[in-house]
Amino acid sequence: MNEKISIGVSTCLLGEEVRYDGGHKFNPWIVNVLGKIAELIPACPEHECGMSIPRGPMRLEGTPDNTRLIVIDSGMDLTAKLNKWVGFKIKKLKKENLDGYIFKTKSPSCGLKEVELFGKNGKVRRNGKGLFARAFVENFSFIPVVDERQLENPAIREKFIDSVYVMKHYRKMMNGKKTYNKLVTFHRDHEILILSNNAVKLKEMNILLSEGSAADPEKLYSHYFKKLISLFF
Ligand code: SF4
């Protein structure tokens, strides 16, 4: 697994001073370790959509189904401004070959989960999702994502890298005709990695393939993919 991978990263994690307070959140592991095997592709939704540095702190308000991006001091609603950039960015990313994404935690734009969401009467719930992170996950269900806090755990770091390579190879295999033999070859090539993540799942996948030679390839691939993705997500 020595081919170069492409990983999207929240820009502030790379040490760029793009945060609302003019600072950064440099993450040494991402830059110094992951940077050796991956091309790191930065994106800062707030700065790239035209907001200044520094800028007023923002927060998410509303409900999970109707989330607004609000400047805390002025009450200004910047949802439309940010979402316009998000729409443009998602379209652009669909033409690129990203293999994974690392998001900044807690951010109303980049937070993957548990971002503070202020409801009516100022009630705070930790069930918000940053506007860009949410759109990314909805549009790229085949691409592994993680946040910088999860990466503090070495086991999660390893799992993330494994998932990036496996999903990259799976997407590549999906080009062209789906055949039984192609899927078996993919499985054999990744058997050890699957075993190291989940021995029970490997057994299930072995049974699926051993009984699947006469199955409809569409159905077989679909069942196999569900098991594969459940290893990592
Ligand atoms: S968390 Fe996201 S929006 Fe905020 S500074 Fe970092 S990259 Fe930019």
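The values are calculated or read from the model by the stated rules, or taken from the named source; none is laboratory data. Everything quoted here is computed from the prediction, not taken from an experiment. Here the Cβ positions follow ideal geometry from the backbone for every residue, glycine too, while neighbour counts run over all protein chains shown. Ligands, DNA and RNA are excluded from the accessible area calculation, which covers all protein heavy atoms including side chains. Shrake-Rupley method; radii C 1.70, N 1.55, O 1.52, S 1.80 Å.
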* Asked: With axes computed from alpha carbons, what is the tilt in degrees of helix 79-94 against the longest principal axis of the chain, rounded to the nearest 10 within 0 to 90?
  -> 30 degrees
* Show Glu17, Glu204 ordered by accessible area, largest first, where the area counts protein heavy atoms only and the probe is 1.4 Å. => Glu17, Glu204
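Using Cα-Cα distances under 8 Å and only pairs 6 or more residues apart, what relative contact order does the chain have, in percent? List each step's numbers first, then the result.
Details: 346 pairs, mean separation 33.9, N = 233.
Reported as a whole number, the value is 15 percent.
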* What does the accessible area of Tyr20 come to, in Å² to the nearest 10, when a probe of 1.4 Å is used? -> 90 Å²
* **Partners for Lys123 among lysines (Cα-Cα distance below 27 Å; same-chain residues under 8 apart left out)** => Lys81, Lys104, Lys106, Lys113
* Structure fact -> Simple spin-label estimate for Ile37/Asn139, 7 Å along Cα→Cβ, in nm, reads 2.8 nm
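With every protein chain kept in the model, how would you rank Arg126, Arg171 by accessible area, 1.4 Å probe, largest at the top? Mind dumping the intermediate values first?
Values: Arg126 135, Arg171 60 Å².
Per-residue accessible area, sorted high to low, gives Arg126, Arg171.
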* Structure fact -> Over the chain, the sum of -39500 (n - 2.57) across DSSP H runs of at least four, divided by residue number and rounded to 500 deg cm²/dmol, gives at 222 nm -12500 deg cm²/dmol
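Looking at the calculated P(r) for the chain, what percent of the C-alpha pair distances fall above 21 Å?
Details: 16342 of 27028 pairs.
Across the chain, Cα pairs with separations above 21 Å total 60 percent.
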* Structure fact -> Nearest 10, in degrees from 0 to 90: the angle of helix 199-210 to the longest Cα principal axis of the chain is 50 degrees
* **Listed residues Lys219, Lys201, Lys106, most fluctuating in the chain (Gaussian network, C-alpha, under 10 Å)** => Lys219
* Asked: What does the accessible area of Phe26 come to, in Å² to the nearest 10, when a probe of 1.4 Å is used?
  -> 90 Å²
* Structure fact -> With the 8 Å Cα cutoff and a minimum separation of six or more residues, segment 84-162 has a relative contact order in percent of 29 percent
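Contour minus end-to-end for Thr63 and Lys94, with contour as 0.36 nm per residue of separation and end-to-end as the Cα-Cα distance? Walk me through the numbers before you get to the answer.
Numbers: separation 31, 0.36 × 31 = 11.16 nm, distance 2.80 nm.
The Thr63-Lys94 span can extend by a further 8.4 nm.
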